[in-house]
Structure formats: structure tokens, C-alpha cells
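Worksheet: the structure to be examined is printed underneath.
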Amino acid sequence: MAKVESVLENTALDTSQDKAEAASLMQGQIEYLYKNKTLGIWSNILLAGVLLVFFWLHFSNKQVSLLIWFGLVVTVSLVRYLMGKSFKPKRQYTQQELTSWANRHVFFTTLLSTIWGLTGIVFFPNDLAHLGLLVFILFSVLLSAIPTLAASRIAYYFQIIVTLVPTTLLLFLSKDIGHDLFALSIIVMAGTLVLVSGYIYSLLFELQNAQIALQALADTDQLTGIANRRHFDRKFKVEWRRAMREQTPISLLLIDVDHFKKYNDTYGHQAGDRCLQQIAKALESVSHRPADLASRYGGEEFAVLLPVTSQENAAMLAERLRKKIESLKIEHSKSEFGIVTISVGVSCCKPVWDFTGNTPDEEQKVTFPAMLLTASDNALYVSKEQGRNQISEQGCGDQKMSKVLQKQKEENIPIA
């Protein structure tokens, strides 16, 4: 069985964000493989039907074998079709799951190619007319399997071999000049197919590199070089669904640079930009796991998404980050601390969709993504209200704040 070697596996990926984009594009490749599942089943059944009709009388002593062979083609095509129907394009799969889907598609496509290759052994015709029909159908099968290139180039080359080699060998063994010429023509056409498929694969490779570069550019904050709000919003939805599916906690840090407007007014916008860049680097150095995402949330506000992280561990990371920013010792004369500091809001959720009753009137326990965002935002507000340069925590779903603080927040009254 040929190993799946996706186009994306040959692409240089340097960051976790690049890898996330690669996984997203790989999902697009797998969706493409399964999108044409109806065409795949009917093309194989139609070609098998044509061969059955024209070979029925020619191989009158092998009609039972023909029916069995036709049944195998139909069965494998149907199984591959039904497997493709269970693939859900709207669901976000992990890279391991996508590789598994690609392997399954390659397996059944290669199995079909093997069955077609056996046709040349079991039903090898001596007359050139039926032989020409057989070769035409075999190449048609290979052309219909070209989408396999999106999953694996090696697998497609293997399918060319198992489909054409049996017939080609029998042609050479016939020791007839006409059959030898036919065999040579198959080799030439197979070589042409290999070159064309290699060219298509190269185009896919270049296209994927361009797509990854463009996607990364669209998802990167141009000032700080970390993920932007657009990428955060998309990743947040993906990780929330995964946390709900796997019943794991997901934590969020919302970070605000203390007195940043005063810093800009005092030192200028260029110094402000350099300050944000230093903070962004500190964020990336602290949130170093592949699944973690540090992003610029807006203006001087940042966010760190921490999948599979408890609130206790998220708070420890937030404190480590706060100390990291302090250690930079970026001068800030308008701050009570004399240096640039940050305030952090920490929250954690374990997504739940649990109906505890049998009727709509009975109690339901549901956790929404907005609860995590609101809790982190409330905790951030508390940090700023209590003096800044600190972290505060709030449990997911616990949206209570002091009445004075809540009124300030609702009325958008700035904290002194």
C-alpha cells in the first residue's frame, strides 16, 4: 500500500500558525477528493459495464468470471462512495484525521486499480480490436483517478503500475510483433501520463505554497507579526468545537497595555509601535505550545488562546507573562510603575451542551463561547480597576461584578 504523501507535507512550515493554515488547506484537498464521489462511482461502473457488454460474447466460457469481476468493481466503488458520504465538509478535522481520510480514499482507489489491472490477466483478448478497447478503458480509469494526486503522488504512480503492468507483460509474452508494438505504445502513453501527472502535482505544490503564504499574510497582524483578530476569531471557533467534542477545558487571557495612550502621547507612535512589537514577542515566547495562539486583539489589547488548559495553569502562565513584560523595563514616565506593564484577565470554560431534563421546561446546562470572552473581559476590567499590573480571574458563566464597576463598564467610564 502506497504511503500518503500530501502536497502539503512537502511544504516548509515554520510556525504553528503556518501548520494551522496547512491543516485548513489539507481539509480543502480532502473535500475535493470526496466532492466528486458521485462521478467516481459512475465512471467506474460505466466503464466496467462497457467492458462487460463487449467481452460477454468474446469470452463465452468466462461469463461467470465476468459477472464476478463486474460485481467487485461495483462493490468497491459503492463502498468508496458511501465512505465519502460520511465525510462532513463543515466539520473541522485534525491533521491526523485528515490523513486517515486520505489514506482510506487512496486504499479503495488503489484496490479498484488492482481489480482493473487483473482484468488484463483474466480477460486478455487476442484480437487487437478487443485489446484496444481494454487499453482505452484502463487509461480512462487512470484519468478518472487523477484527483488522487491531491492526496498522494506516490499512490497515483502505484495505481498506474498495477493497472497497466499485467496487460503490458502479457503483450510482450505473446511474442507477436503486433502485440509488442501495442505494449510499446502502452509504455509510451504511461510515460506521458506520468509526466503530465508530475506536472499537475508540481502546479498543485506551487499553488499550495502560494495559498499558505497568502493565508498567513491575511491572518497576520502586520505591525507585531503575530495572529490578527480575524485569525483569532476563526481559531477560537475551531478550538471551542474541539473542546466540546473532547470535553476538555479551554482558557483565554485578555491582555491590555497599561496607560498605552499616555505612552504614545509621551514617546510618539513609533516608540508605541516598538513597544507593542516587544510585547508580542514576549507573548509568543510564553505561549509556545503548538495549539496556543497569541494574537493582537485590537489596538493595545492582546489575547492568548489556550486549548486544553485549566484556569489554574492559565493563571500561572498569565503571571509569568506579566513578569516577563516587567522584566523588559520599557521606560514609561507617565505610569505609576515607571515602566510599561500589563493587566490580564483570565478565564476558563469546559464547553457543555447538556440537557438534564426530558422536556423543554426542565433545566438545561449550556456553555456558550461568548461566556468565555465575557468572563475574560470582566476579569481584565477588574485588574485595571484594582490598580493595573496584575492578573484577575473569573469563572466561565460567573458574570458577576461589583455594582459600581458594572455601571462604569456599561457606561464606558474610563478607569483613572
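The values are calculated or read from the model by the stated rules, or taken from the named source; none is laboratory data. Predicted model, so just to flag it, every value in this text is computed and none were measured. Here the Cβ is made from the backbone with ideal geometry for all residues, glycine too, and neighbour counts use every protein chain on show. SASA here: full protein model, heavy atoms, side chains in, ligands and nucleic acids out. Shrake-Rupley method; radii C 1.70, N 1.55, O 1.52, S 1.80 Å.
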Report, by residue number, each residue of the stretch 51-62 that is open to solvent by 50 Å² or more (accessible area, probe 1.4 Å) and in a helix (DSSP H, G or I). 53, 54, 56, 60, 61, 62
For the stretch 205-233, how many residues meet the condition of being at pLDDT 90 or above and in a helix (DSSP H, G or I)? 5
Determine whether residue 73 is among the hydrophobic types (A, V, I, L, M, F, W, C), open to solvent by less than 30 Å² (accessible area, probe 1.4 Å) and in a helix (DSSP H, G or I). yes
Does any residue in the stretch 150-164 that is touching a residue at least 24 places away in the same chain (Cβ under 8 Å) and under 21 Å from residue 121 (Cβ atoms) come within less than 7 Å, Cβ to Cβ, of a residue that is open to solvent by 30 Å² or more (accessible area, probe 1.4 Å) and part of a helix (DSSP H, G or I) six or more places away or on a different chain, and which pairs are these? 157/194; 160/194; 162/114
Would you be able to tell me the number of residues in the stretch 123-140 that are closer than 16 Å to residue 70 by Cα and part of a loop (DSSP other than H, G, I, E, B)? 2
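Yes/no per residue for (1) in contact with a strand residue (DSSP E or B) (Cβ under 9 Å, 6 or more places away or on another chain); (2) open to solvent by 30 Å² or more (accessible area, probe 1.4 Å):
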{"position": "246", "(1), (2)": "no, yes"}
{"position": "254", "(1), (2)": "yes, no"}
{"position": "286", "(1), (2)": "yes, no"}
{"position": "289", "(1), (2)": "yes, yes"}
{"position": "297", "(1), (2)": "yes, yes"}
{"position": "316", "(1), (2)": "no, yes"}
{"position": "326", "(1), (2)": "yes, yes"}
{"position": "333", "(1), (2)": "no, yes"}
{"position": "344", "(1), (2)": "yes, no"}
Subset of the stretch 157-198, residues more than 18 Å from residue 134 (Cα to Cα), open to solvent by 40 Å² or more (accessible area, probe 1.4 Å), at pLDDT below 90 and part of a helix (DSSP H, G or I), comes to 177
Select from the stretch 76-99 the residues that are assigned to a helix (DSSP H, G or I), open to solvent by less than 50 Å² (accessible area, probe 1.4 Å) and either touching a residue at least 40 places away in the same chain (Cβ under 8 Å) or in contact with an Asp or Glu (Cβ under 9 Å, 6 or more places away or on another chain) (or both) and list them in ascending order. 80, 84, 98, 99
All but one of (1) touching a Cys at 6+ places or on another chain (Cβ under 8 Å); (2) within 30 Å of residue 93 (Cα to Cα) hold for residue 239; state the number of the condition that does not hold. (1)
In the stretch 235-260, what residues are more than 30 Å from residue 340 (Cβ to Cβ) and not acidic (Asp, Glu)? 237, 238, 240, 241, 242, 243, 244, 245, 247, 248, 249
